[in-house]
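Undergrad: Structure incoming, see below.
No value in this document is a laboratory result; all are computed from the given coordinates. If you're wondering where the values come from, they're calculated on a predicted model, not measured in any experiment. Virtual Cβ from ideal backbone geometry, glycine too; neighbours counted across all protein chains shown.
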Amino acid sequence: MRIQAKVVADNLSRQLTAINQSLMAVQQALPYWQSSPIGHIEGQQTLENMDAAMSSVRTFLVTDAQGIVTFTNRQELLGYHAFQREYVQAPLKAMDPKRLYVSPPFKTVLNNYLVNLSRVLLDGQQQFAGVVSAAIDPTDIDILLNSVRYSDDMQAALVHGDGHVVIHQPVSEVSMEQEMAEYQAFLGRHLRSRQEVSGFLDAVSDSGAPRLSVMRTISPEALAMDKPLVVVLSRSREAMLAGWRSDLRQQILAYVLLVVCSVAGLMLSQRQRVQKIMTATRLKLATEASGVGIWEFDLVTKKYQWDNTMFALFGLDPKAASPRNDDWIRQLPPQDLQRMREATRVTIKNKQPFGMTFQIRRPDGQVRFMRNRAALYSDDDGVPRRLIGVTEDVTKRKQQQAELRVAAAAFESHESMLVTNAQVEILRVNHAFCKLFGYAPDEVVGKNPRLLKSGRHDVDYYAAMWSELMQQHSWQGEVWNTRKNGEEFPCWLCITAVCDEAGLVTHYVATHTDITLRKAAEDEVKRLAFFDPLTQLPNRRLLADRLHQAMSKAKRDRGQLALIFVDLDKFKPINDRHGHTAGDQLLQAVAHRLRTCVRESDTVARVGGDEFVVLLNTVTQTQDATCVAEKIHATLRLPFHLPQGQSVQISSSAGVALYPEHGLDEATLSHHADVAMYAAKAGGRDRYVVYESTLDTPLTDITPSPAAAAASNATP
């Protein structure tokens, strides 16, 4: 159950991390959505795309400071007033932008319980501006919890850190409030222990039946969750013993027959002393060799007769035994002692074979499991006189059976798995593997896993993988694989070597996780963070990074670079006359023309409404930069024919600054390019100016343009 709880926790942790990254991406894109004429449409489309890519999320939404939903993937929620919801109130009270808020489960109109993940939004004055939130779809969690329930008596639940039950499988007939009461005490003990995982042997059901339970906390440190989620798995102890009882019924007859035959043989050979001694000796040797002890309980005197093996099994000294030889009873837990007395009464009453498994704690502190099997002996009048039976230590057998069940359940988990021998020949695959790669088991068993290779990785990549696997006996990383139909896709591959007692590898176990959606989400987040949504040009942040790298390289190689600030003339009248849509189309056309004026290695960035920056990574002389500036100036003076039929004409004012001639750091170079651009505008616009020291104006006398502010922020 600890393994299964980890499977659930790892899966949910990955989902929570992906959702948190999506919320952060929305936070970064929100200012543009709110300010751009088409921002609302793009925001809605982005949330709908996120919803399609993340099946674990039912609803994405953004509220303003009054709690009114302004953006969401579900149109029916636009304008909904959510101010009183916990997922708005908790961020509002704490005002911590670094924290991920996990709301208690709340009941929806569809009779489902949802949990919202929220991040607070702050305005420029660090005042509350709303929240961005995602509601976790309970369907995915239902499927996940059901996937680890490898037996009907097993229960699985996801519990909020405040004790409220989010989901319970199987669905309980009692209310969620009653379920919460059942888990409250155990949840408190687990959380106070500050351990990631806890195990309990207490009753966790409304009937009070003994259950084994495991609780595992889900609270990745990187997410800074205000409240954790807890996975709870439990099983009925009685149901776990059912299999062994079935095995007992099959074996007890053989042992009873052995005892009966032995007793009958002794009775028949009473007059043949030598034969009696030989039979007793053979029986003693057989039981000692097999580790099975023989005992007899006199129903009249209440005394036990044991052989030496019995004393050894219970760790008792034969010489220190009490007159009744009943010291072993104190080694049993009260519940097992009560079960044994009840089984003895039923055996005597119904004259049926006796058998049960029980736990003892020996004087040396060892906890062992014993199996008793016995037959009732009655006199000629049919009066029960003795119980004669055998006892064996079944501790190792119970552990092996439990490990086999756990291993079988783990193998058939929702993650793709394959097992190979030491020669890397596939021995077994699970259903999730067949579903992921499209192969039937008989198509891959006996073959090498290299049939899954995509060809994207070279020989050195696999050599490094096997080198680490041989040294560490484990490896994990991202690998591109190929499905049966030829489709290539990214996987997170984990390989573990299984070794024998001598340390030699006997098997390899590999798991595959399809990370296609995760990589797509990461690419989308990067795009929103570093590129202008309208023109798809690098934004201020990416420009600052590239300028810093270019100057570092120029300093290292003693080279030159150029910075050109470009400001469009007469752009506002076009916006006023033709509308913002035409203005956006013009900006997109300007971006296209600017890209045609530079090399592929250079950078064109949009840093303001109608302001652009061109970074020439390498130049050999001033004329290289002025040629590009002249080309830009001429290109932008040509008429623009917009998609809606308008024909407009603009000009540009540009300022050019070169490193190291005009500045030895990003801030200085950016300021001088800005000064040159203002000089071009002051000189009548429709021109470019190369910076000269005579153009200088004290920094306090001029407000830097957005382009200058963006570039100057490049300094780490």
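Undergrad: Using only Cα atoms, tell me the angle between helix 666-682 and the longest principal axis of the chain; keep it within 0 to 90° and round to the nearest 10.
TA: Approximately 40 degrees, to the nearest ten.
Undergrad: Which of the lysines could a cross-linker span from residue 93 if the Cα-Cα distance has to be under 30 Å and same-chain partners fewer than 8 positions apart are dropped?
TA: The reachable lysines, counting only those whose Cα sits under 30 Å from residue 93, are 107, 227.
Undergrad: For the chain, take the longest principal axis of its alpha carbons; what is the angle in degrees between that and the long axis of helix 237-268, to the nearest 10 within 0 to 90?
TA: Compared with the principal axis, the helix lies near 20 degrees.
Undergrad: Still on this structure, I have one more. Setting aside same-chain residues fewer than 8 positions from residue 453, which lysines have a Cα under 24 Å from its Cα?
TA: Hits, sequence-local ones excluded: 435, 484, 519.
Undergrad: Moving on. Is the C-alpha gyration tensor of segment 531-712 telling us rounded, prolate or oblate? Criteria: a/c under 1.5 is rounded; beyond that, a/b larger than b/c is prolate, otherwise oblate. Let's see the in-between values first.
TA: Working: a/c = 1.79, a/b = 1.52, b/c = 1.17.
Prolate.
Undergrad: So, with +1 on the Cβ of K and R and -1 on the Cβ of D and E, and no other charges, what is the size of the charge dipole of the chain about its Cα centre, to the nearest 20 debye?
TA: Details: 79 positive and 80 negative charges, 621 e Å.
That gives the chain a dipole magnitude of about 2980 debye.
Undergrad: Now for a different question. Does anyone have the angle between helix 459-472 and the longest principal axis of the chain? Alpha-carbon axes, 0 to 90°, nearest 10?
TA: It works out to around 40 degrees.
Undergrad: Moving to a separate point now. Which GluC sites (Glu not before Pro) in segment 492-560 sit in a loop by DSSP (not H, G, I, E or B) and have at most 15 other Cβ atoms within 10 Å of their own Cβ?
TA: 501
Undergrad: Tell me which of 507, 477, 429 sits at the most positive position along the dipole axis of segment 415-518, charges placed on C-beta atoms (Lys, Arg +1; Asp, Glu -1).
TA: 429
Undergrad: Rounded, prolate or oblate: pick one for segment 415-518, where a ≥ b ≥ c are the square roots of the eigenvalues of its C-alpha gyration tensor, a/c under 1.5 means rounded, and failing that, prolate if a/b is larger than b/c, else oblate.
TA: Verdict is oblate for segment 415-518.
Undergrad: Within straight cross-link reach of residue 303, meaning Cα distance under 27 Å, which lysines are found once same-chain residues fewer than 8 apart are removed?
TA: Partners found: 276, 284, 319, 349, 351.
Undergrad: Identify the GluC sites (Glu not before Pro) of segment 32-88 meeting these criteria: DSSP loop state and at most 15 other C-beta atoms within 10 Å of the C-beta.
TA: Values: sites: 42, 48, 76, 86; in loops: none.
In loop regions of segment 32-88 (DSSP not H, G, I, E or B), there are no sparsely surrounded GluC sites (Glu not before Pro).
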